[in-house]
Every structure is written in C-alpha cells, then in structure tokens.
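What follows draws every value from the coordinates through simple rules; no lab data is involved. Bear in mind the structure is a predicted one, so any value in this text is a computation, not a measurement. For neighbour counting, all protein chains shown are included, and Cβ atoms are generated from backbone atoms with ideal geometry for every residue, glycine included.
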Amino acid sequence: MAQQDTPMPEFDIVKTISTFLPFIILWGWGKTGLDAADPVVLWSLRGLFLLSQLINFGVVFLLEKKINSNSQTKENSKMMKYVIKRPQNEITAESPDEFAYKEQRVFEYDLEQLAQLKAYMPLLITVGIHLYFGAIQPLIIQSFSGPLRLLENNIVKIHYLGKEIERPFVAAPSPFAGLLGTKPEKELMDEWDAQQQQKKKPNQNANKKTD
C-alpha cells in the first residue's frame with residue numbers, strides 16, 4: 001500500500017516576521033548609529049508610531065463599517081453554532097462543563113473577532129515606557145507590529161484579502177501542550193461535542209418510538 005506524503009505546513013512569512021521583529025529591533029537599534037536624543041530622530045520615530053496607529057484604527061473602523069453594512073446578506077446573516085471554553089467563574093458544581101455551545105450570526109462573530117484588534121492597553125504601556133524611561137525601541141516595535149498584526153488577522157484576510165477561512169477560527173495549539181502531556185484545546189472541544197451528540201441520540205430514539 002502506497003504511503004501518503006504528509007503535507008508540508010504552509011510557511012507564513014508575516015507571522016515569522018512578527019515573531020522575530022522585536023528581537024531584530026532590540027538587537028539592531030544600537031547598530032544603526034541613530035541618536036534617540038536627537039530631536040529630529042526622536043520626533044520622526046514618534047511620528048512613525050502615530051501614523052502606524054492611525055492606519056491601524058482606520059482599517060479597523062472601515063472594516064467594522066463594512067461588516068455592519070453587509071450584515072443582512074445571506075452569507076453573513078447565517079447562524080453559527082460552535083463550542084467555546086467557558087469562563088472559569090461560570091463553572092459551578094451545578095454546571096461543571098468546561099465547554100458550552102454558542103450561537104451567533106456570522107457577522108456578529110466577525111465583529112467579535114475584530115474587537116481583538118482594538119487593544120488599547122499595549123499602546124498605553126508602550127507610550128508609558130517611552131515617556132517614563134525614554135526607551136525608543138517599544139515605539140519602533142509597535143510601529144511595525146501593528147500593521148503586521150492586521151495582515152495576520154483572519155477577519156482582515158477574509159474581508160480585505162478575499163481569502164476563504166472557515167469559521168470559527170481554530171487557535172494555534174500551544175507549543176508546550178505536548179511537553180506537558182495535555183491535549184490541544186481544539187481536541188478537547190471536539191471530544192466534548194461528540195459526547196453531547198451521543199447524549200442526544202437516546203432522546204431522539206425515544207421520541208421516534210413514541211411517534
């Protein structure tokens with residue numbers, strides 16, 4: 001029997017750049033010969049940071065508007081049902097399941113995912129570090145990582161780049177899961193879903209007998 005070749009994982013250059021960018025900037029800044037105390041250099045980098053953030057928020061604003069305007073189309077108004085991990089504070093003795101079903105329309109799911117790009121706290125931390133400690137590297141990192149984060153986002157890929165990506169999105173498995181001997185979250189969700197479907201079968205069979 002012929003052995004099937006295992007498909008090679010797709011190389012994502014944007015994700016690779018995003019991963020190594022902070023290290024490259026931290027390592028390379030001292031080799032540029034630029035003086036952060038020079039007002040021209042300082043305000044140029046601040047201007048680059050500001051421009052980057054304006055682009056990010058502008059793209060998110062326009063994308064949110066686009067999703068809302070297309071919310072009544074057949075594709076975007078379809079109902080989704082999928083498994084989510086419940087917040088820890090919702091798990092009780094009466095309701096001990098770690099997972100639950102969630103139902104929402106496609107456009108609602110997209111808006112929910114898009115909200116992840118509206119992260120203000122990292123920006124506030126970056127500005128705080130820069131103003132308090134005078135560090136310039138965080139500004140440079142955020143100036144480039146913001147646009148790269150947009151290109152990595154599945155909602156941007158679907159609505160702006162025309163890519164077909166199945167919803168709900170599958171989170172990348174933790175690289176430490178194998179080392180710790182734990183199952184990936186997606187696998188645990190699938191097992192829970194299968195258990196719920198199995199529980200429904202006796203009820204369905206009982207209803208058929210009654211009919």
With 0.36 nm assigned to each residue of separation and the Cα-Cα distance removed, residue 92 to residue 191 gains 33.6 nm
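Compare the peptides 59-70, 186-197 by average per-residue count of other Cβ atoms within 10 angstrom and give them in order, highest first.
Details: 59-70: 15.0, 186-197: 13.4.
So the order, starting with the most tightly packed, is 59-70, 186-197.
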The simple spin-label model distance between residue 132 and residue 23, using points 7 Å out along Cα→Cβ, in nm, is 2.8
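How big is the stretch 38-102 by the Kirkwood estimate over distinct Cα pairs, in Å? Before the final figure, lay out the partial values.
Working: mean 1/r = 0.0607 Å⁻¹.
Kirkwood radius, the stretch 38-102: 16.5 Å.
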Everything considered on the Cα gyration tensor (a ≥ b ≥ c; rounded for a/c under 1.5, else prolate if a/b is larger than b/c, else oblate), the stretch 1-121 must be described as prolate
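Report the rotationally averaged projected area of the stretch 60-201 based on its alpha-carbon convex hull, in square nanometres.
It is 12.9 nm².
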Placing each pseudo-label 7 Å from Cα in the direction of the beta carbon, residue 13 and residue 125 end up separated by a distance in nanometres of 3.0
Of the listed pairs 118/183; 81/163; 66/102, those with alpha carbons more than 28 Å apart are 118/183
Residues whose built amide H sits under 5 Å from the amide H of residue 99, excluding neighbours closer than 5 in sequence, are 86
Output ordering of 74-87, 130-143 (per-residue mean of other Cβ within 10 Å, highest first) is 130-143, 74-87
